[in-house]
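Asks: Okay, here's the structure, questions in a sec.
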Amino acid sequence: MIAASAGPTSRFYISQRLKLHYADWGNPGAPPLLLLHGGRDHCRSWDWVASRLCHKWHVMALDWRGHGDSAWSPDGSYGTTSFIYDLAQFIHQLKLAPITIVAHSYGGSISLRYAGIYPDHVKRIVAIEGLGWSPKILAERNAKPVEERMRAWIEGKRVRAGKDLKRYASIEDAADRMQEANAHLSPAQVRHLTEHGVLSNEDGTYSWKFDRYFRSWPPYDIPEDDVHRLWSRITCPALMIYGRQSPASNATEDGRSAHFKTARFEFVDNAGHWVHHDQLELFMAMTEGFLGEP
């Protein structure tokens, strides 16, 4: 495996009064390429991908609000519209449009919605399992009456508010937890992801950087029909990548692929949800082939 680079420069921007962090691999004269991580992850999870792309592209990677080294939402709310705005502000403030995006999971979901809102702002997009919850899960949730969904959200946040911050005695203990969550990761990957994914507490223990309130699924989201409309408005070439060992629903079988006009769906063997970690070389070959020359 190619080692991760020595590291990018840390930079910040402001969105909705929050100080949000991003990593910048330099090469500002090259076309911009933005890497967007998934939920409970961080921007340095892209180091291996960035090190392969930064010689031809101006590579940057965001830490979403409530993640990595970005500020946490002061009211503990993490609705998708706030993330879409944060992405829109980043591209607007740095004058990056039209931009190329490579995104994973929740980051894919947000970037695909953005690409439907501003079709002319996205040049190409690669989304790794970025369509969100399956139609089956959404249908089961939406079948519940609004008062039940609201109660679940309120009570779920109360539970998280009452819990002490999860602490690990050492980075090794935190790394063991990460390895447990993804058996495909190598020891070197686990160590790197853990070192950048934890903060050191005053008592010498370690905790994950992400805000646990992010796990409280808001009772409302953009309606499905509106999300489908945004997908249908995407005009740039799009590559959708899935791992065959992932629990994610197959978008070519559940009907979601029909909402895209320009998307190609690919499936990777021996890979789970984190295809870019589980099969880095294959992922890079697919991605670089799709992106072509900047």
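The values are calculated or read from the model by the stated rules, or taken from the named source; none is laboratory data. Every value quoted in this text rests on a predicted model; they were computed, and no experiment measured them. All Cβ positions, even for glycine, are placed from backbone atoms using ideal geometry, and neighbour counts span all protein chains on display.
Asks: Step by step: first the residues of segment 162-181, then only those that are of a type outside the set (Lys, Arg) and in a loop (DSSP other than H, G, I, E, B), then the one that is surrounded by the fewest Cβ atoms within 10 Å (Cβ to Cβ). Which residue is that?
Replies: ASP164
Asks: Shifting gears a bit: Between SER77, SER45, SER109, which is within 27 Å of ALA174 (Cβ to Cβ) and free of Cβ contacts under 8 Å to residues at least 60 places away in the same chain? Lay out the reasoning, then the answer.
Replies: On the way: SER77 fails: free of Cβ contacts under 8 Å to residues at least 60 places away in the same chain; SER45 fails: free of Cβ contacts under 8 Å to residues at least 60 places away in the same chain.
On inspection, the qualifying residue turns out to be SER109.
Asks: Within segment 144-164, track down each residue that is under 26 Å from HIS273 (Cα atoms) and of a type in the set (A, V, I, L, M, F, W, C).
Replies: If the condition is that a residue be under 26 Å from HIS273 (Cα atoms) and of a type in the set (A, V, I, L, M, F, W, C), then TRP153 is the only one that fits.
Asks: With the checklist (1) more than 30 Å from ARG149 (Cα to Cα); (2) crowded, with 17+ Cβ neighbours inside 10 Å in hand, flag the one item LEU199 doesn't pass.
Replies: It is condition (2) that LEU199 fails.
Asks: Something else: So ARG40 ticks every box in (1) closer than 20 Å to TYR114 by Cβ; (2) within 12 Å of the chain's Cα centre (by Cα); (3) in contact (Cβ under 8 Å) with a residue 60 or more places away in the chain; (4) in a loop (DSSP other than H, G, I, E, B) but one. Which box is left unticked?
Replies: Result: ARG40 passes all but (1).
Asks: If a residue has to be loosely packed, with under 15 Cβ neighbours inside 10 Å and either polar (S, T, N, Q) or part of a strand (DSSP E or B) (or both) to count, how many in segment 118-143 make the cut?
Replies: 1
Asks: In the set ARG264, ARG177, ARG233, ARG229, which member is over 28 Å from PRO135 (Cβ atoms), out of contact with any Asp or Glu (no Cβ under 7 Å at 6 or more places or on another chain) and among the basic types (Lys, Arg)?
Replies: The match here is ARG177.
Asks: Next up: SER73 - would you say it is in a helix (DSSP H, G or I), more than 11 Å from the chain's Cα centre (by Cα), surrounded by fewer than 23 Cβ atoms within 10 Å (Cβ to Cβ) and modelled with pLDDT of 95 or more?
Replies: no
Asks: Please go through segment 99-122 and pick out each residue that is out of contact with any strand residue (DSSP E or B) (no Cβ under 8 Å at 6 or more places or on another chain) and farther than 20 Å from ILE222 by Cα.
Replies: Once the filter is applied, which keeps residues that are out of contact with any strand residue (DSSP E or B) (no Cβ under 8 Å at 6 or more places or on another chain) and farther than 20 Å from ILE222 by Cα, segment 99-122 yields only ASP120.
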